[in-house]
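First comes the structure, then the notes that go with it.
The values are calculated or read from the model by the stated rules, or taken from the named source; none is laboratory data. A quick note: this is a predicted structure, and the numbers were derived from the prediction, not measured. Backbone-built Cβ (ideal geometry, glycine too); neighbour counts: all protein chains shown. Keep in mind that these areas ignore ligands, DNA and RNA; they rest on the heavy atoms of the full protein, side chains included. Shrake-Rupley method; radii C 1.70, N 1.55, O 1.52, S 1.80 Å.
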Amino acid sequence: MHPLFHFINEYATISEAEFKFFLSNFIQKEIPKKYYLLEQGETCKYMAFIVEGAMRQYYIDEKGVKHIVNLHIENSWAVDRESFVIRTPAFIL
């Protein structure tokens, strides 16, 4: 079964049929290394569930220094919540 099914069932019990309907609203994407899911200044339109691998969120300050603020690992969600919810440009990558 899909890792997201197990993740959801840690918090609420859903049937396989309900999960298939739920999953039909998702787009599965493979994101290659060095690819940005979201770039600084863009508005976050999607949430990502990490099935395999890891992702980091960071921002680059005015001096060009990279500051990592989140590390998303398998079976977790990656999203810039503020940008996603209020539809503002993302500060972090």
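Some observations on this one:
- First in region 58-74 and closer than 30 Å to PRO3 by Cβ, second anywhere and open to solvent by less than 90 Å² (accessible area, probe 1.4 Å) and part of a loop (DSSP other than H, G, I, E, B), Cβ under 6 Å, 6 or more apart: TYR58/LEU93; TYR59/ILE92; VAL69/ILE92; ILE73/ALA54
- Unique match (being in contact with a Ser or Thr (Cβ under 8 Å, 6 or more places away or on another chain) and surrounded by 10 or more Cβ atoms within 10 Å (Cβ to Cβ)) among PHE26, PHE22, PHE49: PHE49
- Inter-residue pairs, beta-carbon under 7 Å, first more than 17 Å from GLU74 (Cα to Cα) and free of Cβ contacts under 8 Å to residues at least 60 places away in the same chain and in region 28-41, second open to solvent by 80 Å² or more (accessible area, probe 1.4 Å) and assigned to a loop (DSSP other than H, G, I, E, B), 6+ apart: GLN40/PHE91
- Any hit, region 39-48, residues being modelled with pLDDT under 90 and either in a strand (DSSP E or B) or in contact with a Cys (Cβ under 7 Å, 6 or more places away or on another chain) (or both): no
Quick grid of which residues meet (1) surrounded by 14 or more Cβ atoms within 10 Å (Cβ to Cβ); (2) out of contact with any Phe, Trp or Tyr (no Cβ under 6 Å at 6 or more places or on another chain); (3) on the phi > 0 side of the Ramachandran plot:
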position	(1), (2), (3)
ILE8	yes, yes, no
THR13	no, yes, no
GLU18	no, yes, no
TYR36	no, yes, no
GLN40	yes, yes, no
ASP61	no, yes, no
LYS66	no, no, no
ALA78	yes, yes, no
THR88	no, yes, no
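- Taken over region 56-84, the residue count meeting the criterion of being outside any strand (DSSP E or B), out of contact with any Cys (no Cβ under 9 Å at 6 or more places or on another chain) and among the β-branched types (Val, Ile, Thr) is 2.
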